[in-house]
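Read through the structure below, which is laid out as structure tokens, and then see the notes.
The values are calculated or read from the model by the stated rules, or taken from the named source; none is laboratory data. Just so you know, these numbers come straight off a predicted model, no measurement behind them. Positions of Cβ are generated from backbone atoms using ideal geometry, with glycine treated the same way; all protein chains shown enter the neighbour counts. These area figures cover heavy atoms from the full protein model, side chains too; ligands, DNA and RNA do not enter into them. Shrake-Rupley method; radii C 1.70, N 1.55, O 1.52, S 1.80 Å.
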Amino acid sequence: MCGIVGYLGTKDAMPILLEGLKRLEYRGYDSAGMATISDGLNLTKAVGKIVILEKELKRRSLAGSIGIAHTRWATHGEPTIINAHPHVDCEGVIAIAHNGIIENYRTLRTLLKREGHNFKTETDTEVIAHLIEKYHEDASLEDAVQKALAQLKGAYGIVVISTKESRKMVAARNGSPLVVGVLDKEFFIASDASAILPYTRDVIYLNDGEMVILNSHSYRTTTLDNKDINKEVEKITWDLEMIEKSGYPHFMLKEIIEQPQSIKNTLRGHIQPDGIEVKMNCLQNGFPKAMPKISAIKLLACGTSWNAGLVGSFMMEKILRIPATCEQASEFRYRWPVIQPHTLSIGISQSGETADTKGALELAKKLGSYNLGIVNVVGSSIARLVEGGLYLHAGPEIGVASTKAFSCQVVALSILNLGLARYLDKVQPLENKEPRVTDKDFKRISNELIVLPDKVQQVLDAVYDKDSGQGIIQQIAKEFKGINNFLYLGRGYNYPIALEGALKLKEISYIHAEGYSASEMKHGPIALIDKNMPVVIIAPHDSEEPISYDKIVSNAEEVRARGGRIIAVVNNGDDVISKMAEWVIEIPNTLAHLVPVLATIPLQLLAYEIAIMRGLDPDKPRNLAKSVTVE
Ligand code: AGP
């Protein structure tokens, strides 16, 4: 995610800020910038790596012993110099760096424009600069910041400086972390402590709803409504590497554990308060005239994104009543595909740079398809190639094995599906004139999406115990770490989970693992089953779905009859398959199309734990690259 650094002290701010930015690089970013105050405001920004900013700073060094800097991971507007932080007000008096997302920025932007403010960027952050400008006319910087923040909806960690009060820095937090480093006559601010650690281990952690006002010699901490608070100065005892991974030994584990928050970020702003509408720009104005209806949907993706796409194709076909297929982009582009008129293609990619997915979308477009994208990296090649779509906002995924992107892709597909259902009911009603989703069902799905992050947390808490190492997942991993083959079985929505569970295991533990549809088992893989074969049976179910639990029960019987060792993933309280299994992993009930989010998490953790127990580095599996930008 984005990174913030600030410095107010006696030394040159520039090298300290630059060093801080370098220490935040691991978080992922696409552009960076810095602002200092000397005679006036000095500002430099660059797209790409910090070294590019560094080169710029060599050309025109920024003077001053107060300054702020930022690494941006684009959310609103592409990664360009203009969109990079810090952002300034109309007069270039105020500079601000911001992490987070301002949900009501469109409304505020319209209001501020009406009042005569001149906007230069596509970002949500710029509204904060103009709001502060408005109040700073006749108020101190901290009062202006407080008034501005009172108007924002969303999440933020901000740091602000102003040439009108050139020895003051104000920072505030609501949802995005900020830490203040304290030294004699020097202060540091950062979105994570790694940027501060070389200078001081004495820090104040701001909580949500708190701000700090730094001056040359002192600081004051208050609530956002200006009540003084006493904050304890704490000592950092961690080392740098631990901070970068937030204390987790690997990025992969960190990214698995942070899924409740990532999913919240994906959902943010889409579900409307009435629960019977979703909002997304790509559907707001409808499709162009050349696309008066949708005759077919093609989901195009690779690897984990393809597994998520498969879930998407099932849910879309069920609700939209339009043929929806998910194709491996790498295959699609090298056969002779037929694209029917009025086909909607949806490219799914975490990185937005996968060459095969990009190539498949280009081919689909050439054959007449209208393309949307579900992408995590803002401004990536695929995001730019498609006509519109949804960003995941899952934050940078650094572990090579994709984890949080998968759950966010399934959530994004569910949101898009709801949006398409409403859209199609208007432009292409079903023959029987019934709505594709009734208001009641719509509400049920949106309610379930809203509680999904809590259910993900429940799964994490129930199956994995980081401290004792005795969680069910750790026990299963211990039991099977020496095995050379694994079979994963599921039906319906649980079939893509089987594929994803097997993919995770082979990627990072190098164990041969097959993901198969349980219904196909009799047609071949059953021959593999003997007393040495662990079989992961994925069987959570939604009683309202036609997928018959009884059928997977029969598959489990068949496995047991051949001596296979069953590891079952089931709903809480399951009392049929659980009784046949050697190991049982329970997850909360949810709607069938959201089961993949909950049921995949234990399988991600299982792959991770087995890799660790085999002495492998899950963040850097052999032969694999994080984004496959070549064919
Ligand atoms: C997942 O763990 C893999 N590393 C890989 O399958 C990945 O999902 C695939 O290469 C697609 O990447 P993308 O989502 O960035 O397009």
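Observations, loosely collected:
- Accessible area in square angstrom per residue, the chain, 1.4 angstrom probe: 39
- A straight Cα-to-Cα reach below 19 Å connects Lys365 with the lysines Lys289, Lys293, Lys298, residues fewer than 8 places away in its own chain not being considered.
- Pair-distance distribution of the chain: all C-alpha pairs, bin width 20 Å, starting at 0; shares per bin in whole percent are 19, 48, 29, 4, 0.
- When Rg and the Kirkwood radius Rh are both evaluated on Cα atoms of region 464-613, their ratio Rg/Rh stands at 0.93.
- Under 19 Å from Lys504, Cα to Cα: aspartates and glutamates that are on another chain or at least 8 residues apart: Glu255, Glu258, Glu397, Glu479, Glu514, Glu609, Asp617, Asp619
- Helix 105-114 axis versus longest C-alpha principal axis of the chain: approximately 40°, rounded to the nearest ten.
- Dipole moment magnitude, nearest 20 debye, region 248-457 about Cα centre, only Lys, Arg, Asp, Glu C-beta charged: 380
- Loop chymotrypsin sites (Phe, Trp or Tyr not before Pro), region 330-397, which have at most 15 other Cβ atoms in a 10 Å radius of their Cβ (DSSP): Tyr334
- Only Lys, Arg (+1) and Asp, Glu (-1) charged, at Cβ; region 464-613 dipole about Cα centre in debye: 480
- Centre-to-centre separation between the Cα atoms of region 365-389 and those of region 45-99: 27 Å.
- Counting only alpha carbon atoms, the long axis of helix 50-59 and the longest principal axis of the chain meet at about 20°.
- In terms of the mean number of neighbouring beta-carbon atoms within 10 Å, the peptides 347-358, 195-206 order highest first as 347-358, 195-206.
- Loop-located GluC sites (Glu not before Pro) in region 221-273 whose Cβ has at most 14 other Cβ within 10 Å (DSSP): Glu232
- Cα gyration tensor category, rounded, prolate or oblate, for region 248-457 with a/c compared to 1.5: oblate
- Take Glu54: with every protein chain present and a 1.4 Å probe, its accessible area is about 40 Å².
- Helical contribution to [θ] at 222 nm, DSSP H n ≥ 4, -39,500 (n - 2.57), averaged over the chain, rounded to 500: -11000 deg cm²/dmol
- Sites Lys147 and Leu528 - FRET efficiency at Förster radius 56 Å, r taken between beta-carbons, to 0.05: 0.25
- Selection among Gly515, Gly563, Ala539 by position relative to the dipole of region 482-591 gives Gly563 as farthest towards the positive end (Cβ unit charges, Cα centre).
- Structural descriptor for region 248-457: relative contact order 29 percent, calculated from alpha carbon pairs under 8 angstrom and at least 6 residues apart.
- Against the main long axis of the alpha-carbon atoms of the chain, helix 595-613 sits at an angle near 80°.
- The GluC sites (Glu not before Pro) of region 130-163 that DSSP puts in a loop, and whose beta carbon has at most 11 other beta carbons within 10 Å, are Glu137.
- Simple point charges give the picture: +1 on the Cβ of Lys and Arg, -1 on the Cβ of Asp and Glu, and for the chain a dipole about the Cα centre of about 1300 debye.
- For the set Lys113/Lys366; Lys153/Lys227; Lys227/Lys443; Lys153/Lys455; Lys227/Lys279; Lys318/Lys455, the pairs lying more than 30 angstrom apart at their alpha carbons are Lys113/Lys366; Lys227/Lys443; Lys227/Lys279.
- Accessible area of the chain belonging to carbon and sulfur atoms, whole % at 1.4 Å probe: 49
- Accessible area (Å², 1.4 Å probe, nearest 10) - Lys620: 150
- Set of lysines with alpha-carbon distance to Lys58 below 22 Å, sequence-local pairs under 8 removed: Lys11, Lys22, Lys45, Lys49
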